[in-house]
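Notes for the one structure printed next.
The values are calculated or read from the model by the stated rules, or taken from the named source; none is laboratory data. Here the structure is a predicted model, which means the values were calculated and not measured. Cβ placement follows ideal geometry from the backbone for every residue including glycine, while neighbour counts extend to all protein chains displayed. Each accessible area value is taken on the protein alone, full model and side chains, heavy atoms only, with ligands, DNA and RNA left out. Shrake-Rupley method; radii C 1.70, N 1.55, O 1.52, S 1.80 Å.
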Amino acid sequence: MRIGLIGAGHIGGTLARLFVQAGHQVAVSNSRGPQTLVDLVKSLGENAKAATLEEPAEFGDVVVVSIPTKAIRDVPVVPLAGKVVIDTNNYYAQRDGQIAELDDDSTTSSELLADHLKNARVVKAFNRLRADHLAERGTPAGTPDRLAIPIAGDDQDAKKVVAHLIDEIGFDAVDTGPLSSGRLFQPGTSLYGTNPSPDTIREVAEGSR
Ligand SMILES: NC(=O)c1ccc[n+]([C@@H]2O[C@H](COP(=O)([O-])OP(=O)(O)OC[C@H]3O[C@@H](n4cnc5c(N)ncnc54)[C@H](OP(=O)(O)O)[C@@H]3O)[C@@H](O)[C@H]2O)c1
């Protein structure tokens with residue numbers, strides 16, 4: 001599969017490596033331009049390329065957005081129409097500035113991204129796993145106590161695609177429901193600060209319905 005990554009930092013760069021290791025092709029971008037990604041793509045090998053901000057959106061069958069929430073309006077809209085978009089982002093007012101509709105919980109950062117993108121099939125994932133755990137703690141399917149990643153989205157088929165990718169790189173995906181259910185595993189929630197088991201994630205999701 002071709003996977004585009006907008007943002008190539010702790011999470012985007014780690015996901016790029018894991019996806020290449022799983023046999024996918026990646027195109028990665030950041031805010032400073034492809035010339036600043038030469039070392040990263042060299043270390044990833046021939047299935048990785050450095051890209052401009054627009055290119056990953058056009059390149060990817062699936063596109064990961066892994067940037068500060070304050071920057072989501074920079075994500076290109078037109079090339080992402082109809083595509084599966086993985087949103088790894090969290091809202092931190094200290095970093096992102098105050099965003100009133102997130103402060104009052106009337107929406108979530110993933111829904112803000114979905115609103116911006118209009119027709120993309122946004123799935124929230126990878127937002128609550130620390131980058132070092134993502135890099136180092138993946139295990140084969142069936143391993144006891146395999147780490148679990150909650151996912152949320154409004155498109156069932158998109159969630160299946162993302163769950164498969166998560167399994168390929170070493171984790172169990174647990175679907176919590178619609179995109180709005182991503183608020184169950186945002187910063188400040190009980191699911192955020194720990195590595196909860198799949199059953200714990202399911203219990204929290206069921207308890208919220
Ligand atoms: N670190 C974690 O453990 C962790 C875990 C889960 C979720 N998250 C969330 O995932 C997101 C990414 O986190 P991170 O730790 O990977 O951040 P990071 O290491 O600071 O990397 C952020 C990346 O986003 C790029 N970027 C910033 N503004 C951009 C823009 N306008 N257009 C395109 N690219 C832009 C940066 O490019 P430049 O370097 O060129 O500016 C950089 O490649 C955040 O929302 C974060 O809260 C982080």
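Values as computed for the structure displayed
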item	result
Anchor Lys83: lysines whose Cα lies under 19 Å away (excluding residues fewer than 8 positions away in-chain)	Lys118, Lys124, Lys159, Lys160
Three principal axis lengths of the chain [C-alpha, angstrom, descending]	46, 42, 32
Gap separating the Cα centres of the stretch 54-97 and the stretch 160-194, nearest whole Å	17 Å
Protection proxy ranking of 75-81, 158-164, 94-100 - average other beta-carbon atoms within 10 Å, highest first	158-164, 75-81, 94-100
DSSP bridge pairs, the chain: antiparallel proportion in percent, nearest 5	5 percent
Per residue accessible area in Å² of the chain, where ligands, DNA and RNA are left out and the probe is 1.4 Å	46 Å²
Listed peptides 41-53, 121-133 by packing density, highest first (mean Cβ within 10 Å)	121-133, 41-53
Proximal aspartates and glutamates relative to Lys49, as straight alpha-carbon distance under 18 Å, when same-chain residues fewer than 8 apart are discounted	Asp39, Glu58, Asp61
Expected 222 nm ellipticity per residue - DSSP helices of 4 or more, -39500 (n - 2.57), all of the chain, to 500	-9000 deg cm²/dmol
Ordering of 85-91, 136-142, 150-156 by burial proxy (mean other Cβ atoms within 10 Å per residue, highest first)	85-91, 150-156, 136-142
Inter-probe distance in nm under a simple model that places probes 7 Å from Cα toward Cβ, at Met1 and Thr139	2.4 nm
Built amide H within the under 5 Å cut-off of Gly177, gap 5+	Gly153
5 angstrom amide H check on Val84, placed H, neighbours 5+ away	Val63, Arg121
